[in-house]
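Below is one structure, written out as structure tokens; the observations come after it.
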């Protein structure tokens with residue numbers, strides 16, 4: 001088990017994160033300086049290893065990898081110079097950099113000349129490098145081109161799978177799935193394409209390994225069924241727990257007593273009361289209580305979904321019974337809160353907490369079609385010499401082998417690698433966590449090797465890349481293989497003003513759960529403390545503004561940015577938008593006000609007015625008969641011919657070029673038009 005320390009003060013947690021000899025899981029909220037701690041940890045390890053390659057730092061973005069490399073290189077240069085004025089380093093970083101520089105000098109290592117010996121890279125780049133070292137064993141072949149967006153290939157693979165016609169188990173599964181989907185090929189293809197995007201999560205379970213093969217594995221399908229049953233039971237239990245919480249334990253106890261008595265009465269009839277004959281314990285969230293919950297829901301609700309206002313012998317409450325009045329009072333109380341009614345309606349529609357044989361047969365059919373689609377996708381990748389991120393990730397795992405039979409590459413890495421640092425750990429996917437397990441197979445506490453993971457689970461943003469924030473909780477409680485983790489938490493925020501930190505604390509504390517929940521993968525909210533002094537006095541941290549239209553909103557935002565820029569010229573302002581079209585309106589307003597800005601993939605060059613005018617000019621010169629281009633050229637700011645004159649030019653000659661050369665036509669234009 002891992003060890004959790006709630007330390008009295010942020011400084012103590014920071015020092016331990018850097019200096020601790022064992023493995024560390026560091027929860028660092030936004031603005032807490034986690035990159036600085038990563039750099040300091042790297043420098044501290046660099047002063048102890050025999051070669052820089054013994055340390056591996058993994059990030060999620062190229063920008064983060066570049067920033068870490070630059071900061072470590074600059075710190076080492078400052079440490080080597082030993083000049084107090086060199087670089088802008090804090091005392092801790094300077095001290096660690098000096099020790100690292102002296103150690104590297106004693107080893108004869110010059111990272112200034114051999115910067116590639118610093119192993120700092122993205123997880124995707126590391127995966128590609130691993131797979132490339134064993135092209136045959138990994139199944140990736142010659143290093144392919146990585147497709148950032150492979151949706152078109154996912155769809156093509158899905159269509160090929162649905163067109164599979166061989167008379168085997170896979171062909172029969174395709175027919176069954178098409179029947180389930182009423183032969184709606186395109187809709188099914190879209191669903192399968194969506195699943196292929198996340199195949200690194202399910203393909204190892206369904207195909208009995210990491211390679212897409214046209215054969216399913218019964219043992220793995222049995223394991224999948226066990227997991228499905230567990231997850232279904234968790235979902236059912238969660239709904240029951242919510243219903244019990246809403247109704248209240250006092251009412252639950254009374255309902256249990258009344259329905260148990262009704263079930264035991266000789267005159268009671270109907271399926272709703274049958275489960276109540278066998279149990280007398282109060283209703284709870286155990287999925288085994290589902291039959292009694294269903295019975296209660298059928299008694300409490302009418303066929304239209306409302307609370308029953310009249311009980312009869314059909315529900316087990318004959319006229320004259322004392323329990324009848326008590327039960328009616330309870331139902332009346334429950335009906336006063338619509339949430340209770342909705343909870344009972346949801347309970348009534350819950351499935352069994354385990355899959356039946358017919359349902360499981362459908363799951364197996366879908367599983368075979370998914371494996372078939374994964375195989376078709378693999379074939380498409382080979383045909384076109386490309387791959388996506390999941391393919392590279394799975395190839396890297398194949399290149400390492402498995403814990404019981406590691407490959408030569410894994411053994412070589414294990415021999416050289418001593419420390420692993422992972423940035424933004426909250427965005428780690430299941431496959432990436434498997435990679436970390438394989439890299440650290442055999443590592444034990446106290447053997448001089450360590451894993452340092454830093455991140456903030458409240459900032460997990462890579463769900464579309466199958467990031468599993470639950471891994472943060474699992475690592476903290478269970479460790480990684482034989483490695484226990486010391487869990488540390490930072491609280492100081494160096495980036496934001498106190499008013500913004502206070503607003504964030506107050507707002508998110510009402511949204512995020514109070515406690516961690518591993519089953520749901522839910523992370524509890526933990527507040528931050530502001531370090532910066534206020535710069536704006538009483539200015540509110542967050543201000544809501546309404547506008548009558550998007551154009552008015554863009555203009556108001558541009559005015560606000562201009563006002564702030566005039567008052568605080570050194571400030572940098574970020575604008576977040578819901579859609580690119582909205583960003584273009586804001587960009588146009590900023591340009592009108594002379595505010596310089598940088599937008600990445602927001603405003604296409606072809607959409608700028610000056611570029612459109614130049615394109616039209618080129619078209620007009622290339623083809624004198626292109627009327628649309630000539631109209632655009634004459635209407636552009638360099639000419640600005642009026643609409644009435646353009647109409648004259650268009651009517652009086654077959655082409656605009658001929659009209660411009662005709663003195664008679666030119667004489668028909670206005671004086672302003674002739675001048676232009």
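No value in this document is a laboratory result; all are computed from the given coordinates. Bear in mind the structure is a predicted one, so any value in this text is a computation, not a measurement. Methodologically, a virtual Cβ is constructed for each residue, glycine included, from the backbone with ideal geometry; neighbour enumeration extends over all protein chains shown.
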Taking Cα extents along the principal axes in Å straight from the coordinates, which label in (1) 109, 82, 70; (2) 85, 73, 51; (3) 84, 61, 61 is the correct one?
(1)
Per DSSP helix of 4 or more residues, -39500 (n - 2.57); summed, then divided by the residues of the chain. What does that give at 222 nm, rounded to the nearest 500?
-16500 deg cm²/dmol
Ranked from fewest to most other Cβ atoms within 10 Å of their own Cβ, 623, 20 fall in the order 623, 20
Note to self: C-alpha centroids of the range 630-668 and the range 10-62 sit apart, in Å, by 69 Å
Protection proxy ranking, peptides 195-203, 226-234, average beta carbon neighbours within 10 Å, highest first:
195-203, 226-234
Do you know the relative contact order of the range 257-379, to the nearest whole percent, from alpha carbon pairs under 8 angstrom that are 6+ apart?
23 percent
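Over the chain, what is the relative contact order in percent, taking alpha-carbon pairs closer than 8 angstrom and at least six residues apart?
Result for the chain is 19 percent.
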What whole number of Å gives the distance from the Cα centroid of the range 544-563 to the Cα centroid of the range 150-184?
50 Å
FRET efficiency for residue 15 and residue 495, Cβ-Cβ distance as r, R0 = 25 Å, nearest 0.05?
0.75
How do 610-617, 67-74 rank on mean C-beta neighbours within 10 Å, highest first?
67-74, 610-617
Sort 589-595, 470-476, 108-114 by the packing proxy (mean of other Cβ within 10 Å over each peptide's residues), most packed first.
470-476, 589-595, 108-114
Mind grabbing the base-10 log of I(q)/I(0) for the range 228-348 at q = 0.11, 0.12 Å⁻¹? Debye formula, identical points on the C-alpha positions, no solvent, two decimal places.
-0.33, -0.39
Treating every alpha carbon of the range 550-603 as one equal point scatterer without solvent, the Debye formula yields log10 I(q)/I(0) values at q = 0.13, 0.28 Å⁻¹ of -0.28, -1.25
Order by neighbour count: 661, 175, fewest other Cβ atoms within 10 Å first, most last.
661, 175
Using only alpha carbon pairs under 8 Å that are at least six residues apart, calculate the relative contact order of the range 609-675 and give it in whole percent.
25 percent
Rank the residues 495, 578, 308 as a footprinting-exposure proxy: fewest other Cβ atoms within 10 Å of their Cβ go first.
578, 495, 308
With both partners inside the chain, how many of the DSSP beta bridges are antiparallel, as a percent to the nearest 5?
15 percent
Alpha carbon convex hull of the range 336-434, projected area averaged over orientations, nm²
12.8 nm²
Given the Cα-Cα distance of residue 337 and residue 180 and 0.36 nm per residue of separation, how much length would full extension add, in nm?
52.7 nm
On a C-alpha basis, how far is the centre of the range 413-455 from the centre of the range 269-314 in Å? Whole number, if you could?
51 Å
